[in-house]
Amino acid sequence: MDYPQFKYHPNAYRLDLFENQIGRCSICNQQHDLKYIGCFYSVDEPDYICP
Ligand SMILES: [Zn+2]
């Protein structure tokens, strides 16, 4: 799967911001294999956020 490149964060995938874990994204409701594990500010508490 192609994931987005972050213009202002070009090394995002080389830092410990994502982990290989299969799951359904709480935001877009699609199946993914890469889970965002960095900090995130939100009113809700999503279980799984894809890139
Ligand atoms: Zn998503």
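The values are calculated or read from the model by the stated rules, or taken from the named source; none is laboratory data. It should be emphasised that the depicted structure is a prediction, and the values quoted were computed from it without experimental measurement. Just the protein is used for accessible areas: all its heavy atoms, side chains included, with ligands, DNA and RNA removed. Shrake-Rupley method; radii C 1.70, N 1.55, O 1.52, S 1.80 Å.
The length gained on full extension between GLN30 and ALA12, counted as 0.36 nm times the residue separation minus their Cα-Cα distance, comes to 4.4 nm. Protein heavy-atom surface of the chain, 1.4 angstrom probe: 50% of the accessible area is carbon and sulfur, with nucleic acids and ligands not counted.
In this structure the chain gives 85 Å² per residue of accessible area when probed at 1.4 Å with all protein chains present.
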